[in-house]
Amino acid sequence: MPRSPTAHPARAKRHAAPTQAAPASSVALFQQVKDHISRKIQDGSLRAGDRLPSEHELVAQFGMSRMTVNRALRELVEQGRIVRVAGVGSFVAEQKPQSTLLQIANLASEIRARGHDYRCEMLVVERVAATLDVATALDVRTGESVFHSVCVHMEDDLPIQLEDRYVNPRVAPDYLQQDFKQQQPSEYLVRNVPFDEIEHVVDAVLPTAEQAARLHMEAAQPCLLLTRRTWTRGVPVTLVRCLHPATRYQLGSRYKSDGNPVST
């Protein structure tokens with residue numbers, strides 16, 4: 001006698017399983033659009049500045065709702081993969097420059113190596129009385145005289161870093177006399193005050209209104225703040241805070257398991 005189809009409840013449950021999983025897969029539909037676009041950017045099919053298919057075209061291509069496609073594009077914008085221009089369309093974003101965290105980057109060299117123009121605009125070069133936090137960082141007395149400079153680093157006339165630096169006069173007594181149009185402050189210090197210890201701390205912050213204006217950005221946009229201290233033979237050399245618009249710059253490093261950086 002033929003077996004009844006109901007004689008194997010376990011098998012019946014296995015056949016029913018895909019139906020139960022369907023809602024979870026439908027929630028992730030937007031990820032399919034994201035992955036498709038991301039792969040095309042990664043393999044070079046889509047390059048920086050290329051226009052993406054419109055929302056209407058993506059809806060037709062993937063057979064998904066406009067809301068699903070819109071979510072995928074929004075998340076790609078948040079990840080910095082694409083930019084959207086109202087009334088125009090979506091475009092592949094320019095790759096953000098990345099600066100190393102393992103050493104003191106020479107911004108001028110990095111920018112010129114990319115084939116772009118570099119310019120440093122000095123805003124402040126002065127002698128000031130050390131506040132408590134500066135005095136602590138430089139191991140001097142509160143109110144003691146220290147050097148202070150502020151400058152904006154430009155790539156193709158677009159600000160990518162606002163540098164606010166304090167320098168210990170004991171180790172760099174000629175700092176204020178330098179022509180920083182010829183070499184940026186960090187380049188001068190690296191060449192003239194050899195350091196043997198460095199500390200980097202990175203924070204995500206919102207700029208002040210003044211900082212946002214100097215970086216040509218909106219105050220509601222996030223920034224990466226790199227705070228650096230260096231020492232020579234145990235004596236603090238400099239405290240510098242470098243503010244980068246997060247939409248234009250990255251901070252990162254690649255290194256081997258023994259701690260040595262990977263040469264590129």
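The values are calculated or read from the model by the stated rules, or taken from the named source; none is laboratory data. Values in this document were obtained by computation on a predicted structure and should not be read as measured data. Neighbour counts run over all protein chains shown; Cβ positions are idealised from the backbone, glycine included. Heads up: the accessible areas ignore ligands, DNA and RNA and are worked out on the full protein's heavy atoms, side chains in. Shrake-Rupley method; radii C 1.70, N 1.55, O 1.52, S 1.80 Å.
The heavy atoms of S145 offer some 40 square angstrom of accessible surface to a 1.4 angstrom probe.
In a DSSP loop and with at most 16 other Cβ atoms within 10 Å, the GluC sites (Glu not before Pro) in region 107-171 are E144.
Near L158, within a Cβ-to-Cβ distance under 11 Å, what is the net charge of the other residues, with Lys and Arg +1 and Asp and Glu -1? Please list the in-between numbers first.
Working: positive: R119, R248; negative: E94, D117, E155, D156, D157.
Result for the local shell: -3.
D50 contributes about 50 Å² of solvent-accessible surface, heavy atoms of the protein only, 1.4 Å probe.
Taking Cβ atoms as reference points and 12 Å as the exclusive limit, the residues near R233 contribute a net charge of -1, counting Lys and Arg as +1 and Asp and Glu as -1. Among H244, H36, the order of accessible area from largest down is H36, H244, computed with a 1.4 Å probe on protein heavy atoms.
For Y175, Y118, the ranking by accessible surface with the largest value first comes to Y118, Y175, using a 1.4 Å probe. Using R0 = 41 Å, the C-beta based FRET efficiency linking T142 and E75 works out to 0.30.
Compute the signed sum of charges (Lys and Arg +1, Asp and Glu -1) over the other residues within less than 15 Å, Cβ to Cβ, of A72. Net of charged neighbours comes to +3.
Given their separation in residues at 0.36 nm each and the Cα-Cα distance between them, H216 and L158 gain 20.1 nm when the chain is fully extended.
Taking only protein heavy atoms and a 1.4 Å probe, what accessible area per residue, in Å², does region 178-252 have with all protein chains in place? Walk me through the numbers before you get to the answer.
Values: 3910 Å² over 75 residues.
I get 52 Å² per residue for region 178-252.
One chain, two ends: T227 and A48. Fully extended at 0.36 nm per residue, the span grows by 61.4 nm beyond their Cα-Cα distance.
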